[in-house]
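Asks: Here you go, one structure.
The values are calculated or read from the model by the stated rules, or taken from the named source; none is laboratory data. What you see is a predicted model; the values in this text were computed from it and never measured. In this analysis, Cβ positions are derived from the backbone assuming ideal geometry, glycine residues included, and neighbour counts consider all displayed protein chains.
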Amino acid sequence: MGKLKPDYKRIYTDLINTKYPDKLRLCRSLLHKDKLTILDMFKLNHIIWEGEDQNMWQFSQKHKSYNKETVMEILDYQVKNKLNNTELASHFKLSRNTLARWKKLFVLHENSSY
């Protein structure tokens, strides 16, 4: 049996409809997509949680985890948008050390031939 993934589109739709209906208009274009990407989820989070309690935001930021697909999507975003590590880290609320570690783990290994 395959690994089940959360239905993020449904989760965000339910969350917005029940707790933040005033933000539905801002989120509609993202929620109409067939599948949400990690970048879509970052945008939704920014729309939903903008102006919320900073302590809650910082706590949730500390407990994030990323799979390889997500890391590669973030690093691709950097290339497409011509951002340096500081700009990318600020955009995604990451540390520059995390980005450097990801590049070392994923980019260098993918570009080397064994």
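Asks: Taking the stated definitions as given, is residue 86 in a helix (DSSP H, G or I), polar (S, T, N, Q), modelled with pLDDT under 90 and out of contact with any Ser or Thr (no Cβ under 6 Å at 6 or more places or on another chain)? So that I can check it myself, show each step before the final result.
Replies: On the way: in a helix (DSSP H, G or I): yes; polar (S, T, N, Q): yes; modelled with pLDDT under 90: no; out of contact with any Ser or Thr (no Cβ under 6 Å at 6 or more places or on another chain): yes.
Answer is no for this residue.
Asks: Take segment 19-44 and flag every residue that is in a helix (DSSP H, G or I) and either out of contact with any helix residue (DSSP H, G or I) (no Cβ under 9 Å at 6 or more places or on another chain) or more than 21 Å from residue 72 (Cα to Cα) (or both).
Replies: Restricting attention to segment 19-44, the residues satisfying the condition of being in a helix (DSSP H, G or I) are 19, 21-31, 38-44.
Of everything in segment 19-44, those that are in a helix (DSSP H, G or I) and either out of contact with any helix residue (DSSP H, G or I) (no Cβ under 9 Å at 6 or more places or on another chain) or more than 21 Å from residue 72 (Cα to Cα) (or both) turn out to be 19, 21, 22, 23, 24, 25, 26, 27, 28, 29, 31.
Asks: Quick one: count up the residues across segment 96-114 that are farther than 21 Å from residue 65 by Cα and at pLDDT 90 or above.
Replies: Residues in segment 96-114 being farther than 21 Å from residue 65 by Cα and at pLDDT 90 or above: 0 in total.
Asks: Looking for whichever is farther than 20 Å from residue 106 by Cα, polar (S, T, N, Q) and modelled with pLDDT under 90 here; the options are 60, 29. Which one fits?
Replies: 60
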